[in-house]
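Presented below is the structure to which this report refers.
The values are calculated or read from the model by the stated rules, or taken from the named source; none is laboratory data. Small disclaimer: the values here were computed from a predicted structure and weren't measured. Glycine also receives a Cβ, built like all others from the backbone with ideal geometry; neighbour counts cover every protein chain displayed. When the accessible area is computed, the model is the full protein with side chains, heavy atoms only, and any ligands, DNA or RNA have been set aside. Shrake-Rupley method; radii C 1.70, N 1.55, O 1.52, S 1.80 Å.
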Amino acid sequence: MYYDALKTFVTLAEVKNFTKTAELLLMSQPSVSLHIKNLEKEFQTKLFQRSPKYLKITPSGEILYDRAKQMITIYEQTRQEILEQQNTIKGDLKIAASFTIGEYILPPLLLDLQNQYPELNLQVTIANTEEVVQSTRSHHVDIGLIEGQTNERELIVTPFLEDELYIVTSNQHPLVQKEETTIADLQDQAWIMRENGSGTREYFNHVVRSNGLKVKSLLTISSNQGIKETLINGLGISILSGSVVERDVKQNNLSIIKVKNQEFKRTLSYVLSPIMQEKKNVSIFIEALSEKWKHPKGK
């Protein structure tokens, strides 16, 4: 069975580095090289062009790459189905979630699932929306949860929750003291936001464009907690999910700037490859997700 070799080959094709491949797969670099050598011997062709400066997949390697991903997915799904023969929910469920969902929204659901299915091994990766989509598309995970939009045609996208965002800042910011704040008051402000590729940054860009806002300065931090700490220390304003700022507002660490006649809402969705729809552990997760958060109205 060439499962380990194929998995090594797919990982190497994606990261294009022997050392990083070894680290990701928790194996030695010689083992990575041996797997590739065995595959090249099996298929009687070179799979990579190598030099001290670059690693490039060959046309033959490209053919194997597409087939290998399918074979790995089919193998893992078959293994899962055999485990599920006795109607016991066990084995692995790999989830990728964007930062807001993974850090603030998903944990209660994970606790419910762990209590209900103690033999289910939950593996959660937290990344920005763009990275979650790519991990799901390449079958590195079974299902992804995103807060932004995606036009990825290979994935099924289903909304599961409506999320409200708020303009937040330190308690000392001048806008907090105003009796009434309008969109015009957000002109020429210093903003602190997530990085490009995140759903929250995508939403911020939408707010700026749709309201014609001029941004005085923009500080990018790839962490919700980092943004909150910077705000608490008195720098700028931000727009963040209510789930991210709820505790800090209650503890009087941050203040919400209520903008007249404005609501900031978006839809959170789960994404998955069609091949994963019949996987029992994925179905169990989607059922639990739908039960905990009813389908958004009008979606």
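In the range 198-273, counting only strands (runs of 3 or more DSSP E) that sit wholly within it, the ones holding 3 or more residues that are touching a residue at least 40 places away in the same chain (Cβ under 8 Å) span 237-241, 255-257, 264-272.
Inclusion of D92 among residues that are under 18 Å from S290 (Cβ atoms) and charged (D, E, K, R) is not warranted.
The condition (being surrounded by 17 or more Cβ atoms within 10 Å (Cβ to Cβ) and charged (D, E, K, R)) is satisfied by just one residue among D92, D112, D163: D163. In the range 1-35, how many residues are of a type outside the set (S, T, N, Q) and under 21 Å from I74 (Cα atoms)? Residues in the range 1-35 being of a type outside the set (S, T, N, Q) and under 21 Å from I74 (Cα atoms): 14 in total. Can you tell me which of (1) open to solvent by less than 20 Å² (accessible area, probe 1.4 Å); (2) more than 19 Å from the chain's Cα centre (by Cα); (3) closer than 19 Å to G102 by Cβ is the one R247 doesn't meet? Answer for R247: the failing condition is (1). In the range 9-30, the residue that is nearest to S135 (Cα to Cα) out of those that are assigned to a helix (DSSP H, G or I) and open to solvent by 50 Å² or more (accessible area, probe 1.4 Å) is E14.
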